[in-house]
1. Given the protein chains as shown and a 1.4 Å probe, how many square angstrom of T224 are accessible, to the nearest 10?
2. Under 13 Å between alpha carbons, and skipping anything fewer than 8 positions from K97 in its own chain: which aspartates and glutamates qualify?
3. In whole Hz, what ³J(HN,Hα) sequence does the range 310-317 give by Karplus (6.51, -1.76, 1.60; θ = phi - 60°), x for Gly and Pro?
4. Where in the chain are the DSSP H helices whose alpha-carbon span along the long axis reaches 30 Å or more and whose Kyte-Doolittle mean is at least 1.6?
5. Which value in Å does the Kirkwood hydrodynamic radius of the range 295-441 take, with 1/r averaged over all unlike C-alpha pairs and then inverted?
6. Take the residue pairs K302/K353; K63/K106; K206/K341; K175/K353; K109/K175 and return only those whose Cα atoms are more than 29 Å apart.
7. On a C-alpha basis, how far is the centre of the range 69-111 from the centre of the range 345-368 in Å? Whole number, if you could?
8. Using a 10 Å cut-off on Cβ atoms, rank the peptides 338-346, 100-108 from the highest mean neighbour count down.
Amino acid sequence: MSNTRREFLEQSASSIAATTASAAWILSSDSVSAQAGSDRITVAVIGPGGMGMAHTNLLAVNKSVRVAYVCDVDEQRAAKAAEAVTKGSGQAPKIVKDMRQVLDDKEVKAVWIATPDHWHGPAAILAANAGKHVYVEKPCSHNVREGRLMIEAARRNKVVMQVGTQSRSTPHIQKAIEKLKSGVIGEILVAKAWNSQRRGSIGKQKPSEPPKNLDYDLWLGPVTHRPYQSNFLHGIWRWWYDFGCGDIGNDGVHDLDIARWGLGVETHPTRVAALGGKSYFDDDQQHADTQYIAYEYASATKNGRSKQLIFEQRIWSPYVQEGFENGDAYYGTDGMMVLGKAGKYQIFGVRNKLIEESTGGGPDLAAHHQNFLDCIRSGSRPNADIEINHLSTTLCHLGNIATRTGRVVNFDPAKEQISGDPEAARLLAREYRDHWARPVG
Ligand SMILES: NC(=O)c1ccc[n+]([C@@H]2O[C@H](COP(=O)([O-])OP(=O)(O)OC[C@H]3O[C@@H](n4cnc5c(N)ncnc54)[C@H](O)[C@@H]3O)[C@@H](O)[C@H]2O)c1
């Protein structure tokens, strides 16, 4: 076996393991409520791959839902998901590969979308237009324009649209944010988010025939056609511009979302500067493996001063930073907090006096599901409503645009436009081929 091939295979396994490990969730027995069978919400899972199987396994044993469909363009993955649903619930779901069959079924009230990022916007918009409530994985969109179209589709169709940043429903993170909002470290002027972990190489590959079990054309969807390459999928599409948003949109978006939440900014930044690129990997991966981004929010404090958010990413580090693979720090006028996504925070006062330390559980995926289902019943906005996540996912897009162009991005938060840089402005959206899933609006 050639080195490149071996590295690629090792990476495939390690990428999936890393993604799964870093997305460690817990099953809270309270939040999986046992409700009467007649009250069940009929749902479907679209894209039961790595994360999609985590959703499928939880939904299969959730007595408040009935999983009517599993939909995947890879028939092996669809079959595996159907097996899990049958085992967990005692009822076999229908297996389909074209999501339109799910969306056409009036019985289906809600869909979980765990496809690659390039399908999030198109699938969520189609689902909302078909009147389905939507749980869509993070980053909510592949680009800024699609995020805005998703908000419009959710509001126009009056459906709930929850995004898969489960930290928003995790008690330990909620408690840390409440602490910050109570003023424990004074006024927070700066927050930092980081993603520091070891990923694998995706190798270098040439176009080849797609596997027989995969409908590659459906996998591509509205993306301009390009020949199949074995290092597009599964899981590793995230390192390609056409399909994913890099690790900032993968693990980074959780950290940026928590940082923005604690910093208390409910708008887009006005200016973004970045440095980064491929410092470590010599492979096909297009997104940066090393990134430093500074976001400025003009007039964000009570007295009209700016706030800053900093993002750091090194995906070649066989060690963690400040004790956490993924974490956030908040710098206030009276103290600071260091918060790990995996469930610990420390609050320091002047001269670094330890004021409080707290350890809690990891991300609570079941609670996030429950919040979505509760909102379907109550009509309330969910914890990670599309409008909330659009602000955090836009940080990934603007950070990537500033990294790719190497220029400071001046952003109009109200119009969601970049001024004075046509090349950067073009990256706020993308081109499509003529396809039924191409978002319009
Ligand atoms: N919330 C979290 O903590 C968390 C953790 C990991 C991944 N994710 C997110 O979940 C999503 C999936 O990531 P992954 O690592 O599981 O990727 P993956 O490639 O393993 O899985 C994606 C699945 O979608 C299927 N698919 C692609 N296009 C489809 C279509 N048109 N219709 C139906 N199925 C289709 C693929 O065949 C595959 O089985 C990403 O957006 C990722 O960011 C979230």
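1. T224 exposes around 70 Å² with every protein chain in place.
2. Cross-link targets: D72, D74, E75, D215, D217.
3. 3J(HN,Hα) across the range 310-317, in whole Hz: 10, 10, 10, 9, 9, 9, 10, 8.
4. On the way: long enough: none.
Correct list, ordered by number: empty.
5. On the way: mean 1/r = 0.0520 Å⁻¹.
Kirkwood radius, the range 295-441: 19.2 Å.
6. K206/K341; K109/K175
7. Each part reduced to its Cα centre gives a spacing of 39 Å.
8. Per-residue mean Cβ counts within 10 Å order the peptides as 338-346, 100-108.
The values are calculated or read from the model by the stated rules, or taken from the named source; none is laboratory data. Bear in mind the structure is a predicted one, so any value in this text is a computation, not a measurement. In this analysis, Cβ positions are derived from the backbone assuming ideal geometry, glycine residues included, and neighbour counts consider all displayed protein chains. SASA here: full protein model, heavy atoms, side chains in, ligands and nucleic acids out. Shrake-Rupley method; radii C 1.70, N 1.55, O 1.52, S 1.80 Å.
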